[in-house]
Amino acid sequence: MHNTLEQEQIAHDEVRKAYANAERRYNQTRCELEETKQLYEQSERGRKAAEVEVEELRTQANEVAALMAT
């Protein structure tokens with residue numbers, strides 16, 4: 001009986017350690033996901049700003065071309 005109790009305590013400790021490791025991995029992954037989301041949002045803002053700039057430059061180029069054609 002003493003041996004069984006000892007084995008159960010060892011198994012319980014192993015499960016507790018495995019849970020703690022899984023929780024640490026989860027938290028790390030959650031942080032990495034949040035960082036990835038922030039980087040994605042930042043890159044999307046940059047992409048949209050670049051699209052606006054390209055459109056403005058295209059408009060300016062068309063205006064210059066129209067002036068040159070007259």
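Of the residues screened, Ala69 is one that is open to solvent by 80 Å² or more (accessible area, probe 1.4 Å) and of a type in the set (Gly, Ala, Ser).
Right, Arg58: surrounded by 10 or more Cβ atoms within 10 Å (Cβ to Cβ), under 29 Å from the mean Cα position of the chain (by Cα) and modelled with pLDDT of 95 or more or not? So that I can check it myself, show each step before the final result.
Working: surrounded by 10 or more Cβ atoms within 10 Å (Cβ to Cβ): yes; under 29 Å from the mean Cα position of the chain (by Cα): no; modelled with pLDDT of 95 or more: yes.
Taking the combined requirement at face value, the residue does not satisfy it.
The values are calculated or read from the model by the stated rules, or taken from the named source; none is laboratory data. Only a predicted model underlies this, so the values are computations on that prediction, with no experimental measurement involved. Virtual Cβ from ideal backbone geometry, glycine too; neighbours counted across all protein chains shown. Just the protein is used for accessible areas: all its heavy atoms, side chains included, with ligands, DNA and RNA removed. Shrake-Rupley method; radii C 1.70, N 1.55, O 1.52, S 1.80 Å.
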